[in-house]
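Here's the structure, in structure tokens; my notes come after.
The values are calculated or read from the model by the stated rules, or taken from the named source; none is laboratory data. In this text the structure is predicted, and so the values were computed from the model without any measurement. FYI the Cβ positions are ideal-geometry reconstructions off the backbone, even for glycines, and counts take in every protein chain you see.
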């Protein structure tokens with residue numbers, strides 16, 4: 001989404017202990033918060049923040065912020081003297097004050113006691129705050145959203161949106177529905193909306209049924225011809241081609257004019273889900289014999305020609321809290337809800353993506369198949385390691401860079417390399433490229449290998465939903481086992497494998513036939529980048545309970561994957577239902593507390609450990625069979641973790657499944673109990689697999705420390721290294737005993753599971769990849785300089801800021817690794833820190849060329865990191881390079897034929913192209 005983008009909003013994100021230590025009355029000026037680590041975070045535009053700005057009369061904030069940024073940009077070109085410094089400080093202060101939202105903050109709870117105390121109210125900078133809600137993502141990290149008491153009542157009124165307050169609901173679900181106002185979204189033109197009933201279908205299929213019984217372990221049984229009743233439209237509806245064109249232009253600019261978009265993920269009052277482009281008016285004309293009448297979810301007849309958008313009941317979460325469509329829409333308009341888009345389907349799908357270990361771990365590949373699977377990744381990395389200009393650019397920017405994407409590239413080190421080939425000698429760029437290669441090797445070592453394929457957002461059979469809307473018998477166009485996927489059809493592919501994380505066992509994989517017909521091509525013509533599923537099999541249930549509110553499947557036509565994929569019976573987990581009540585504030589707070597913490601990751605890791613452990617046993621062994629049962633039950637325990645957050649009483653995974661100490665506490669009164677205890681001890685999944693060292697830095701450190709210690713002991717005891725001992729043909733009893741205990745106390749599981757074998761192959765190929773690293777001292781950094789002069793006194797002042805920057809970044813990197821922050825949160829935090837240090841530097845030296853000159857001399861005359869100058873002056877460096885290179889930028893493009901190609905990379909042929917950057921684009 002390009003247009004309609006808003007500037008960043010900043011809000012406080014604080015630990016509850018900070019407030020507790022301040023007696024729940026904290027003084028924290030914005031200037032101080034910006035200097036503290038992670039006190040201020042970027043927040044995407046949302047309905048909540050738009051309401052707050054409206055209540056504050058700040059609806060033109062984006063224009064004001066853009067104006068201030070333009071003034072800063074112009075000022076930095078010619079700034080001189082104290083007046084300029086003063087003006088820069090004033091502009092930055094105005095910018096921060098505008099973007100900082102005082103009426104909203106995130107509070108991270110350090111204890112249950114703090115949470116209860118927080119809900120009595122607290123003050124920051126004299127502003128009193130009130131609990132608003134916990135978002136789905138927030139409560140997993142014990143984080144709650146609070147708003148100022150000044151805006152609480154109007155926000156609460158709008159959030160409730162005139163719903164029937166006497167209607168019984170599950171508190172956790174109500175909180176999740178309310179939290180939709182916090183989703184990042186872009187407002188679009190308000191459509192004419194109708195809400196209809198969902199499309200339900202039924203069929204029979206062989207499944208594996210798992211349910212909790214009275215015992216400590218779940219009951220698992222095979223059910224033949226099990227009847228499944230399913231909401232085929234779960235989370236999606238339709239938009240007309242005309243409306244699709246309108247919002248595509250609004251979201252993606254003039255270049256998208258008169259083009260439809262496959263689908264958008266929407267937000268409105270109580271509304272979440274995908275809208276896929278489908279001509280429902282033409283369907284009425286051609287299939288329903290010019291009968292345009294439908295029935296809305298409240299039972300009132302409607303003419304489908306009067307609407308742009310058809311929402312389904314599963315999208316409008318509380319539709320039954322209103323007595324009519326007019327009542328629902330009237331309340332939504334009265335409470336200033338905007339129809340918004342939080343995500344769009346891509347305009348084009350990629351040809352290659354990286355898998356992850358969950359996709360691969362349940363396969364039983366031969367060594368030859370693993371070698372062949374990893375070959376594209378190994379060749380990609382070897383191509384990058386040669387530091388050939390073109391190959392390096394392909395590695396950094398991908399194989400499918402188009403000319404119209406060049407203008408939108410970040411002004412970073414990659415763009416510098418695209419401008420001037422000589423920049424590959426820059427020690428900063430060398431360091432970044434080698435760092436990225438190292439990261440890519442580490443990713444490959446944990447199963448992230450290249451596969452042909454891509455991610456696509458899924459829908460049900462659009463034809464089935466259209467039939468349901470018009471009251472026709474639901475048949476759909478697709479049969480069981482079939483999908484419609486325009487991308488694969490264009491590639492001539494007839495069969496694909498489908499994946500979706502999190503995964504637990506091979507039952508979560510599906511192999512599907514890619515089909516089409518003239519009728520499908522016509523009615524699905526607007527769905528160019530989506531994956532359309534049939535209405536008559538359990539693909540969504542198999543892929544760990546997927547729905548169609550924007551879930552994506554990864555699909556591949558890789559021959560080795562297809563040959564080894566089985567369509568094992570779907571696992572159906574029998575769910576309990578949470579009690580519905582009339583929710584009040586205490587009930588919502590209780591729901592938050594139940595949802596604090598995210599156990600799904602831990603459960604998934606335990607299952608992966610079981611899969612690794614299972615690979616060490618023969619299939620006919622009781623250990624293998626018991627682990628198979630436990631692995632399949634993993635999906636049930638993932639569901640239980642989700643149910644717990646909804647207030648449903650559910651059993652956790654038995655501790656003795658993954659903890660040997662718990663195994664030793666099992667009863668052993670009878671022979672049967674003794675045998676069971678012995679079995680449990682032998683298969684307790686208490687170690688993470690070897691490959692997970694590349695996921696958990698602490699595990700890697702523990703492994704290195706352990707193996708280093710074992711190696712020293714081995715040399716002392718046997719006068720040979722551990723590696724040499726392991727390769728010895730005939731062990732002495734002492735040596736065998738040593739190796740036995742070495743393996744027993746190893747901090748990782750080292751069985752030859754599929755992903756461990758991938759890891760070992762990657763390590764074998766790249767263990768010495770940095771040994772031929774280039775000399776970093778021969779680069780003449782004057783190519784980056786404009787030649788302007790500066791004062792030494794200014795240099796010294798900037799130097800103190802750099803020291804603070806170095807210390808801050810070091811501490812943040814350590815914290816980010818320890819906390820395993822996700823990419824989005826890490827990027828947002830780094831953006832905040834860069835902005836803080838940039839404003840500090842520009843307040844001392846407002847002239848952009850002078851500042852760049854200072855930082856280049858400061859960073860490029862030592863062997864220390866040069867990240868500081870690129871963070872603060874990256875734009876200026878790029879401008880200087882463009883000016884010195886006639887405003888030309890180079891990029892690799894796919895050659896039409898192998899003969900035309902100048903170099904090969906990743907199995908493709910490439911040529912180098914160039915583009916002239918206009919002055920307005922350069923600036």
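Listed values, structure above:
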{"read-out": "Any hit, the range 591-604, residues being buried (at least 21 other Cβ atoms within 10 Å of the Cβ), touching a strand residue (DSSP E or B) at 6+ places or on another chain (Cβ under 9 Å) and more than 28 Å from residue 227 (Cα to Cα)", "value": "yes"}
{"read-out": "Flag for residue 651 being in a helix (DSSP H, G or I) and surrounded by fewer than 17 Cβ atoms within 10 Å (Cβ to Cβ)", "value": "no"}
{"read-out": "Enumeration of residues in the range 726-765 that are more than 22 Å from residue 687 (Cβ to Cβ) and not in a loop (DSSP other than H, G, I, E, B)", "value": "733, 734, 735, 764, 765"}
{"read-out": "Residue check, residue 405 surrounded by 18 or more Cβ atoms within 10 Å (Cβ to Cβ) and farther than 25 Å from residue 236 by Cβ", "value": "no"}
{"read-out": "Condition check for residue 412: in contact with a helix residue (DSSP H, G or I) (Cβ under 8 Å, 6 or more places away or on another chain), surrounded by fewer than 20 Cβ atoms within 10 Å (Cβ to Cβ) and modelled with pLDDT of 95 or more", "value": "no"}
{"read-out": "Failed condition for residue 365, given (1) modelled with pLDDT of 95 or more; (2) part of a helix (DSSP H, G or I); (3) surrounded by fewer than 20 Cβ atoms within 10 Å (Cβ to Cβ)", "value": "(2)"}
{"read-out": "Wholly enclosed helices (runs of 4 or more DSSP H) of the range 378-447 bearing at least 2 residues in contact with a strand residue (DSSP E or B) (Cβ under 6 Å, 6 or more places away or on another chain), touching a residue at least 60 places away in the same chain (Cβ under 8 Å) and closer than 12 Å to residue 890 by Cβ", "value": "389-397, 413-419"}
{"read-out": "Failed condition for residue 658, given (1) crowded, with 17+ Cβ neighbours inside 10 Å; (2) within 19 Å of residue 759 (Cα to Cα)", "value": "(2)"}
{"read-out": "Residue within the range 87-101 that is crowded, with 21+ Cβ neighbours inside 10 Å and not in a helix (DSSP H, G or I) present", "value": "yes"}
{"read-out": "Within the range 19-29, tally of residues that are surrounded by 17 or more Cβ atoms within 10 Å (Cβ to Cβ) and modelled with pLDDT under 95", "value": "1"}
{"read-out": "Index of the failed condition, residue 120 passing every other in (1) in a helix (DSSP H, G or I); (2) surrounded by fewer than 19 Cβ atoms within 10 Å (Cβ to Cβ)", "value": "(1)"}
{"read-out": "The one condition in (1) touching a residue at least 40 places away in the same chain (Cβ under 8 Å); (2) over 11 Å from residue 458 (Cα atoms); (3) out of contact with any strand residue (DSSP E or B) (no Cβ under 8 Å at 6 or more places or on another chain) that residue 518 fails to fulfil", "value": "(1)"}
{"read-out": "Residue satisfying all of: in the range 30-61; buried (at least 17 other Cβ atoms within 10 Å of the Cβ) and without any contact (Cβ under 8 Å) to a residue 60 or more places away in the chain; nearest to residue 801 (Cα to Cα) among these", "value": "33"}
{"read-out": "Some residue of the range 472-484 being touching a helix residue (DSSP H, G or I) at 6+ places or on another chain (Cβ under 7 Å) and in a strand (DSSP E or B)", "value": "yes"}
{"read-out": "Test: residue in the range 578-601 that is within 22 Å of residue 497 (Cα to Cα), modelled with pLDDT of 90 or more and not assigned by TED's automatic domain parsing to the domain that holds residue 486", "value": "no"}
{"read-out": "Failed condition for residue 794, given (1) surrounded by 12 or more Cβ atoms within 10 Å (Cβ to Cβ); (2) over 19 Å from residue 869 (Cα atoms); (3) at pLDDT 90 or above", "value": "(2)"}
{"read-out": "Top-ranked residue of the range 339-355 - restricted to ones that are in a loop (DSSP other than H, G, I, E, B) and crowded, with 18+ Cβ neighbours inside 10 Å, ranked as modelled with the highest pLDDT", "value": "339"}
{"read-out": "Options 770, 821; residue that is at pLDDT below 75 and within 30 Å of residue 43 (Cα to Cα)", "value": "821"}
{"read-out": "Residues that are free of Cβ contacts under 8 Å to residues at least 24 places away in the same chain, outside any strand (DSSP E or B) and loosely packed, with under 13 Cβ neighbours inside 10 Å, drawn from the range 280-324", "value": "286, 289, 290, 299"}
{"read-out": "Answer residue from the range 846-880, given it is outside any helix (DSSP H, G or I) and within 34 Å of the chain's Cα centre (by Cα) and is nearest to residue 90 (Cα to Cα) among those", "value": "866"}
{"read-out": "Filter pass, residue 686 being within 18 Å of residue 601 (Cα to Cα) and not in a loop (DSSP other than H, G, I, E, B)", "value": "no"}
{"read-out": "Tally, over the range 164-185, of residues that are in contact with a helix residue (DSSP H, G or I) (Cβ under 6 Å, 6 or more places away or on another chain) and closer than 11 Å to residue 583 by Cβ", "value": "5"}
{"read-out": "Qualifying residue in the range 701-721 (condition: outside any helix (DSSP H, G or I), out of contact with any strand residue (DSSP E or B) (no Cβ under 9 Å at 6 or more places or on another chain), surrounded by fewer than 19 Cβ atoms within 10 Å (Cβ to Cβ) and on the phi < 0 side of the Ramachandran plot)", "value": "yes"}
